[in-house]
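Down below is the structure, laid out as structure tokens.
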Amino acid sequence: MSKRENDSKRGRNGRAAQLKLAVLISGSGTNLQALIDACAEPDYPARISLVIANKDDAGGLARAAKVNIATQIIRHKDFAEREAFDQALSDALEAADIDLICLAGFMRVLGATFVEHWKDRLINIHPALLPSFKGLHTHQRALEAGVRIAGCTVHYVRADVDVGPIIAQAAVPVLPGDNEDNLAARVLKQEHRLYPLAVELIARGLVHVENGRVRIEEADSRAEDAALINPPPFG
Ligand code: 4DW
Ligand code: GAR
């Protein structure tokens, strides 16, 4: 949605309409929690209308229920075909009139029909600086590769996994003695800042996909002098 379109959808209080989010989870939902916390801020331009899990034991379901967000469990195991699972998801999302779907540790691959239907209304967070370290065990592989900077990425979802226009990235240093667990924790902390930021940029209509890449109004020039250098320079 463009900035003007969102501005034109004003509520009775004269504020721009809030983007209606669905968050899809499979696990503990700490990124969901970060979005819940961001949405609790009065001026945040989005709210979560629906949380969907594909498994009964997804810990994030309790986080949503605690703040009275509607939850649904749509079990992939209940469907013989992937397409039928995708369709059930799509139906639930349509019924809730969702503007933007946020995958947050959602572990089922969504098919091309689903992805095309929700194109540029479907985003994911990945615990690496894409296009490096796609797939699983990202932190382990980053450590093995000896990178000095790790991080996370929010991107639009495409039919191929872990690809799609990159919206935002956060970088962290890899420190001596890091193992998979503490590197994962350092990255996760930044995921919790990055995901709400990316959603806010989209909700404010500042994110544009052009020729398969993202342009962000206003924000890009602010980054000009920023750098994370590891090892840090002397002095
Ligand atoms: C992702 C990629 C592959 C699997 C799980 C997650 C990353 C994020 C993602 C979720 N769904 C997606 C994406 C994506 O980037 N692009 C699309 N859909 N189109 C994965 O291989 N999952 C397997 C199941 C794992 C499990 O149930 O634990 C699977 O067979 O789907
Ligand atoms: C997060 O680290 C997220 O980046 C990752 O799963 C974790 C979910 O944690 N996603 C992927 O690996 C997608 N390929 P959470 O349930 O606590 O938000």
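The values are calculated or read from the model by the stated rules, or taken from the named source; none is laboratory data. Predicted, not measured: the structure shown is a model, and the values here were computed from it. When we count neighbours, we look across all protein chains shown, and the Cβ atoms used for this are built from the backbone with ideal geometry, even at glycine.
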Discussion item. Go through (1) under 23 Å from ASP86 (Cβ atoms); (2) more than 10 Å from ligand 1 (Cβ to nearest atom); (3) not basic (Lys, Arg) for GLY146 and report which single condition fails.
Written reply: (1)
Practice prompt. Under 6 Å between Cβ atoms, at least 6 apart or on separate chains: pull out the pairs that start in segment 98-113 with a residue that is acidic (Asp, Glu) and end on any residue that is more than 11 Å from ligand 2 (Cβ to nearest atom) and at pLDDT 95 or above.
Written response: ASP99/LEU19; ASP99/LYS20
Worksheet entry | Condition broken by ARG47, with the remaining ones in (1) within 13 Å of ligand 1 (Cβ to nearest atom); (2) charged (D, E, K, R); (3) closer than 18 Å to ASN124 by Cα satisfied | (1)
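Do any strands (runs of 3 or more DSSP E) entirely within segment 114-211 hold 3 or more residues that are touching a Ser or Thr at 6+ places or on another chain (Cβ under 8 Å), of a type outside the set (Asp, Glu) and at pLDDT 95 or above, and if so, which?
Hits in segment 114-211: 166-173.
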Worksheet item: With (1) away from ligand 1 (no atom under 16 Å from the Cβ); (2) at pLDDT 95 or above as the list, and ASP57 as the residue in question, which single condition is left unmet?
Response: (1)
Worksheet item: Going by the conditions given, is ARG148 surrounded by fewer than 17 Cβ atoms within 10 Å (Cβ to Cβ) and in contact (Cβ under 8 Å) with a residue 24 or more places away in the chain?
Response: yes
Practice prompt. Find all pairs meeting these conditions: Cβ atoms under 8 angstrom apart; at least six residues apart or on different chains; first residue within segment 41-58 and touching a residue at least 60 places away in the same chain (Cβ under 8 Å); second residue in a strand (DSSP E or B) and not aliphatic (A, V, I, L, M).
Written response: ALA46/LYS20
Item to complete: Pairs only if they're at least six apart or on different chains, beta carbon under 6 angstrom, first in segment 191-220 and of a type in the set (Lys, Arg), second assigned to a strand (DSSP E or B) and surrounded by 14 or more Cβ atoms within 10 Å (Cβ to Cβ); list them, first residue then second.
Response: ARG215/HIS208
Discussion item. Tell me yes or no: at least one residue of segment 63-76 is modelled with pLDDT of 95 or more, more than 19 Å from the chain's Cα centre (by Cα) and near ligand 1 (Cβ under 10 Å from one of its atoms).
Written reply: yes
